[in-house]
């Protein structure tokens, strides 16, 4: 059995990175928060841009990001008058047992003294975590997020099936996989529901995908539409189009739906494949899967997305050989070898699986080596959700 | 032409090489093994599907190991599989609001 090399946290979870998080609960303290993080090795500042109201989806995403085992320590860095306060987040994070400190700009006499104090606190944390030694853990400790963005005709042909095989391999070794983006599952809900472990999960699968379809319809978007471009590209039915995207999650049974709404935020309760009720936007989609516990992400892109993530290393995979050659600085794995027959799908899947293991053991992705720390939170509009009867 | 069968139960494979369509088709499975050498009457473009088993009218079209539609006519091995001989199981092909 192949092992990963990670860091055990006080709550028993295994991190594959040692990030120090400077968390600004709202954007009003984000600029100084960035200055706190800037001089300290391994530190990253995050925030959200939806104001400081106590929105449950925003709180769950921020708290979830901070709870993620890839985060070794947290400095909450607030202004002081936010409704979404440091104290709210502090209460949610205490159970992790990881080092957490809290600073309020309005109590420290302005940003200069708050930044100075913040840097000292972070430097102390950095020295402390540098003593942590990585040790081997079974791959069953790993939760993988699968994502796609900037898809093209090669995504459903090469990159997604190869990532799906790697996802199956991880699950067969006791690991966990999260797939999100219900928007891309419209038209294939009956197929996914058949893979649910029981009727209740099947009903949940139908529910989140059909709710998403309804949201789009109310926006004036009929997502059941197969475009002329889709047809010209060889896609015959809506099921086929959606399956091309879904296949990145592999073929194993769906253990459950992870709710991600104004009432609930679920985490996987066991190994296997889980379906999150998330967004189709790439960066926040990865954020919410990380908040549910994913430590590594596989991201397929035919056109060539370049994003990384503040919390999880993101392995970029393309099925398009031209994109790989064009964006070698950004794409980790070329799955385009499947297209010319020079490499089997199985062989590419094995390379992706090995990359997951190596990345989870500390090897940097190209986005990490370039210092990309993308972060964004997603929330749904409460008014629209109420009108639709969803909350 | 080259084509790949993604899951072993699939009765269609997808053409993977860009460029001018030829009539000889080599079909690989996911292990990279050649499972079929066939001739195609029509040229089939990149990303489009070719039948690798005879498919009766009313039979399910399988890709990714899943049902992507139902055959609306008999489809011989080597034939192009698209909207002219497949119906969606869920919505009419070319569905418009």
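The values are calculated or read from the model by the stated rules, or taken from the named source; none is laboratory data. If you're wondering where the values come from, they're calculated on a predicted model, not measured in any experiment. Reconstructed Cβ throughout: ideal geometry from the backbone, glycine too, with neighbour counts over all protein chains shown.
The set of residues in the range A:262-292 being at pLDDT below 95 and surrounded by fewer than 21 Cβ atoms within 10 Å (Cβ to Cβ) consists of A:262, A:263, A:280, A:281.
Here residue B:36 fulfils each of the conditions (1) assigned to a strand (DSSP E or B); (2) within 11 Å of another protein chain (Cβ to nearest Cβ) apart from (2). The residue of the range A:252-272 that is farthest from the other protein chains (Cβ to nearest Cβ), among those that are in contact with a helix residue (DSSP H, G or I) (Cβ under 6 Å, 6 or more places away or on another chain) and under 19 Å from residue A:353 (Cα atoms), is A:272.
Residues that are within 12 Å of chain A (Cβ to nearest Cβ), touching a strand residue (DSSP E or B) at 6+ places or on another chain (Cβ under 6 Å) and over 16 Å from residue A:154 (Cβ atoms) were ranked within the range B:2-24; the one that is surrounded by the most Cβ atoms within 10 Å (Cβ to Cβ) is B:12.
Condition test on residue A:304, is it out of contact with any strand residue (DSSP E or B) (no Cβ under 7 Å at 6 or more places or on another chain) and under 30 Å from residue B:48 (Cβ atoms)? No; evaluated as a whole, the condition is false for this residue. Taking the criterion of being assigned to a loop (DSSP other than H, G, I, E, B) and in contact with a helix residue (DSSP H, G or I) (Cβ under 9 Å, 6 or more places away or on another chain), the only residue of the range B:49-64 that qualifies is B:64. Within the range A:346-370, the set of residues being assigned to a loop (DSSP other than H, G, I, E, B) and either in contact (Cβ under 8 Å) with a residue 24 or more places away in the chain or not assigned by TED's automatic domain parsing to the domain that holds residue A:169 (or both) comprises A:360, A:361, A:362, A:364, A:365, A:370.
On the stretch given as the range B:51-64, residues that are within 11 Å of chain A (Cβ to nearest Cβ) and under 18 Å from residue B:36 (Cβ atoms) total 3.
So which helices (runs of 4 or more DSSP H) are wholly in the range A:159-256 and hold at least 2 residues that are buried (at least 20 other Cβ atoms within 10 Å of the Cβ) and in contact (Cβ under 8 Å) with a residue 40 or more places away in the chain?
Fully inside the range A:159-256 and qualifying: A:160-172, A:189-194, A:199-218, A:238-246.
Inside the range A:9-56, residues that are surrounded by fewer than 18 Cβ atoms within 10 Å (Cβ to Cβ), more than 20 Å from the chain's Cα centre (by Cα) and within 17 Å of residue A:70 (Cα to Cα) make up a count of 4.
Looking at A:126, A:114, A:72, just one residue is buried (at least 21 other Cβ atoms within 10 Å of the Cβ) and either assigned by TED's automatic domain parsing to the domain that holds residue A:288 or closer than 22 Å to residue A:14 by Cα (or both), and that residue is A:72. Taking into account only those residues within the range A:140-158 that are closer than 21 Å to residue A:337 by Cα and part of a loop (DSSP other than H, G, I, E, B), which is modelled with the lowest pLDDT? Looking at residues that are closer than 21 Å to residue A:337 by Cα and part of a loop (DSSP other than H, G, I, E, B), I get A:153. Scanning the range A:320-345 for residues that are assigned to a loop (DSSP other than H, G, I, E, B) and touching a residue at least 24 places away in the same chain (Cβ under 8 Å) turns up A:320, A:329, A:330, A:331, A:332, A:335, A:339.
Checking the condition within 14 Å of another protein chain (Cβ to nearest Cβ) and touching a residue at least 12 places away in the same chain (Cβ under 8 Å), which residue from A:154, A:143 passes?
Values: A:143 fails: within 14 Å of another protein chain (Cβ to nearest Cβ).
Within the list A:154, A:143, the selection yields A:154.
The residue of the range A:205-228 that is modelled with the highest pLDDT, among those that are under 17 Å from residue A:148 (Cβ atoms) and within 13 Å of chain B (Cβ to nearest Cβ), is A:209.
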